[in-house]
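The structure appears right after this line, and notes come after that.
Read-outs: derived from the displayed coordinates by stated rules, not from any lab. Since we're looking at a predicted model, the values are computed, not measured. Quick reminder, even Gly has a Cβ in these numbers, built from the backbone with ideal geometry, and neighbours come from all protein chains shown.
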Amino acid sequence: MKKTVMAIIGVLALGTVAAGVSSLSSSDTSLISSQAHAATLSQTFAIEKMTCASCPITVRKAMQRVDGVKSVSVDFEAKTATASFDPDITDISAIAAASTNAGFPAHAKAGKVQ
């Protein structure tokens, strides 16, 4: 009887600890996720010399190779590229330089970085 009671107490204690760890993990994940989201900025660049359909692919790949760049979208018709990046890892000039070095000079468009 005594062993049965001890076993039940042990199972209940483990269940309580597991529930606490589970809720702690989800709140930690939310905090980390919101911090990562807050650290992302977005900048639009004017891109020169894009003349064919493969040019945006080259620009996108060049910009994505920069450490800290999370995503890049290129608009061939508007001759622009928009990069989302972590400002703690990279900056606007490094992203522009990557496109420029690939043969497509890039310049940050006037306006506020988002």
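Label zone of Gln64 (point 7 Å out along Cα→Cβ, amide N under 11 Å): in segment 87-114 this covers no residue at all. Stretching Asp88 away from Ser54 to a fully extended chain increases their span by 9.2 nm, per 0.36 nm per residue minus the current alpha-carbon distance. Near Phe104, no amide H atom lies under 5 Å from its own; only residues 5 or more places off or on other chains count, and H is placed 1.01 Å from N.
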